[in-house]
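What follows is a single structure, written as structure tokens, with notes after it.
The values are calculated or read from the model by the stated rules, or taken from the named source; none is laboratory data. All values reported here derive from a predicted model rather than from experimental measurement. No Cβ is skipped: glycine too gets one built from the backbone with ideal geometry, and neighbour counts run over all protein chains shown.
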Amino acid sequence: MGIGDKAKHAAEDIAGHAKEAAGKVTGNEKLEAEGKADQAKAEAKKIGDDIKDAFDK
């Protein structure tokens, strides 16, 4: 998997953390949940990348 994809997925994870934190600070449970969902989605993409990398070797 390319470095660009890995960087993109890391950025999505960071954005999810920021969204979750903003939700906590403002008391917005929906925003907090969206942040957690974004993090989970980014983690799934990272795992997919790792699997693809394992088969490319």
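A compact table of results
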| read-out | value |
| --- | --- |
| Only listed residue being among the basic types (Lys, Arg), surrounded by 11 or more Cβ atoms within 10 Å (Cβ to Cβ), in contact (Cβ under 8 Å) with a residue 24 or more places away in the chain and part of a helix (DSSP H, G or I), chosen from LYS19, LYS46 | LYS46 |
| Pairs with Cβ under 8 Å, 6+ apart, first in segment 1-13 and in a helix (DSSP H, G or I), second modelled with pLDDT of 85 or more and of a type in the set (Gly, Ala, Ser) | HIS9/ALA42; ALA10/ALA42; GLU12/ALA42; ASP13/ALA42 |
